[in-house]
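The block underneath contains the structure these notes are about, expressed in structure tokens.
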Amino acid sequence: GGVATWDAPEIAADNPGVVLPSQPVVPIFRDSSSGTNAIVSEYLSKACADWSIGSGKTLPASGASGTFAANVVPVYSSVEMVNYISSNPWTIGYSDAGNGIELGLLEVTIQNANGFWVTSQTADVSAAASALFQSGSGWPAAPSDDFSGVSLLNQPGDTVFPICAMPFMLVRTDLTTKSESGPLAAAFVQYMLSDAAQDILPGIGFARLPSDVRDYAISKALPLLMTDPRFPPWVVESGSSIKHAGAGAGVLSSFRDTYIHIASQSAGGVAATTVANGTGNVDLSSLNLDSLAGIDAMKESIASLQDQVDGLRAIAAAGLA
């Protein structure tokens, strides 16, 4: 609570040669129960000797010796947090990196356990999980063990980002009573560990699982999933098509689509609101099919095929006469 302005000596010492504004520091915090509260406050409890607010989902934590200063602004959610910071100069708060970066907010650098100053964009976020995994302690030996104490905060490493967390999937291992839903659940877990799913994560503000942690999940967790053998496993088709089988039953495919949707992507003069309605279904009420690219060619092909079918029918009828 001793740092009141952005040009305070404590901030200036970590920013040599930078002309800092003599403006008040306005901190923001989440006044609702929040997992982000728990992560950030646990880190500050470990890394900052002067932190007296305690740690937990609700702050100040129960039994904490300190409280927030009078100028600290409470907000309810992460969205409200980043929006408030975006609209009010000289404020500072915390949120998942994806939210702040999407709004173009400035991310401050943080000194990691090895003394290097990093942001979530310059650091290797996945390295925190890898460091804990390779440490030989703090990571459960089996996927069925208790993971509630696993913490990636302030892990060692030159490129490690010190404030990060890993979400875990809780999955019933015995899926034999779930009929066809069992193989579907197993396929979902398998997909989440695949390259196709992992490659999506950086684009939405998350980091891929490090290879050693992913190998652990694939080799030790996936074999624990038991399904009813009467129901075949589902297959995920992504990256490349499964020849002759991609359109079959039990295939989750990233290539499947309806012609109407594909054609609508190149349609001229068709408003987006005519393609998808609020339920996520195609809305044909105002869609002019004749304006879609390729429709005329498709009609001609169908007409030609119909002529061939009619001809074959005539030949077959003559042969039976």
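The values are calculated or read from the model by the stated rules, or taken from the named source; none is laboratory data. This one's a predicted model, so the numbers in the text were calculated from it and none came from an experiment. Using ideal geometry, Cβ is built from the backbone for each residue, glycine included, and neighbour counts are taken over all protein chains shown. Ligands, DNA and RNA are excluded from the accessible area calculation, which covers all protein heavy atoms including side chains. Shrake-Rupley method; radii C 1.70, N 1.55, O 1.52, S 1.80 Å.
Quick notes on this one:
- Figure legend. Inter-residue proximity from the stretch 192-207: first residues free of Cβ contacts under 8 Å to residues at least 12 places away in the same chain, second residues in a helix (DSSP H, G or I) and open to solvent by 40 Å² or more (accessible area, probe 1.4 Å), beta-carbon distance below 8 Å, spacing 6+ or different chains. Indicated pairs: Ala197/Tyr191.
- Extreme residue, surrounded by the most Cβ atoms within 10 Å (Cβ to Cβ), among residues of the stretch 127-148 that are in a loop (DSSP other than H, G, I, E, B) and under 22 Å from the mean Cα position of the chain (by Cα): Pro143
- Residue in the stretch 13-57 that is farthest from Val82 (Cα to Cα), counting only those that are open to solvent by less than 40 Å² (accessible area, probe 1.4 Å) and among the aliphatic types (A, V, I, L, M): Ile53
Rundown of residues vs (1) at pLDDT 95 or above; (2) among the acidic types (Asp, Glu); (3) part of a helix (DSSP H, G or I), yes/no style:
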| position | (1), (2), (3) |
| --- | --- |
| Ser45 | no, no, yes |
| Asp50 | no, yes, no |
| Ala64 | no, no, no |
| Thr67 | no, no, no |
| Asn71 | no, no, no |
| Pro74 | yes, no, no |
| Val79 | no, no, yes |
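- So Asn83, is it without any contact (Cβ under 8 Å) to a residue 60 or more places away in the chain, open to solvent by less than 40 Å² (accessible area, probe 1.4 Å) and not in a loop (DSSP other than H, G, I, E, B): no
- The residues of the stretch 178-218 that are hydroxyl-bearing (Ser, Thr, Tyr) and within 20 Å of Ala131 (Cβ to Cβ), listed by number, are Ser211, Tyr216.
- Residue match in the stretch 91-99 (condition: of a type in the set (D, E, K, R), outside any helix (DSSP H, G or I), surrounded by fewer than 16 Cβ atoms within 10 Å (Cβ to Cβ) and in contact with a helix residue (DSSP H, G or I) (Cβ under 8 Å, 6 or more places away or on another chain)): no
- Filter pass, Asp14 being over 30 Å from Pro156 (Cα atoms), at pLDDT 90 or above and not hydrophobic (A, V, I, L, M, F, W, C): no
- Residue in the stretch 39-55 that is among the aromatic types (Phe, Trp, Tyr) and free of Cβ contacts under 8 Å to residues at least 24 places away in the same chain present: yes
- Among the residues of the stretch 30-70, those identified as in contact with a strand residue (DSSP E or B) (Cβ under 7 Å, 6 or more places away or on another chain) and closer than 21 Å to Asn154 by Cα are Thr36, Asn37, Leu59.
- The stretch 106-125: number of residues that are open to solvent by 50 Å² or more (accessible area, probe 1.4 Å), part of a loop (DSSP other than H, G, I, E, B) and not hydroxyl-bearing (Ser, Thr, Tyr): 7
- Residue among Pro223, Pro229 that is modelled with pLDDT of 75 or more, part of a loop (DSSP other than H, G, I, E, B) and loosely packed, with under 15 Cβ neighbours inside 10 Å: Pro229
- Flag for Pro232 being farther than 30 Å from Ile101 by Cβ and without any contact (Cβ under 8 Å) to a residue 12 or more places away in the chain: no
- Matching residues in the stretch 162-187 - criterion: being closer than 30 Å to Glu42 by Cβ and either open to solvent by 70 Å² or more (accessible area, probe 1.4 Å) or of a type outside the set (A, V, I, L, M, F, W, C) (or both): Pro162, Pro167, Phe168, Met169, Leu170, Arg172, Thr173
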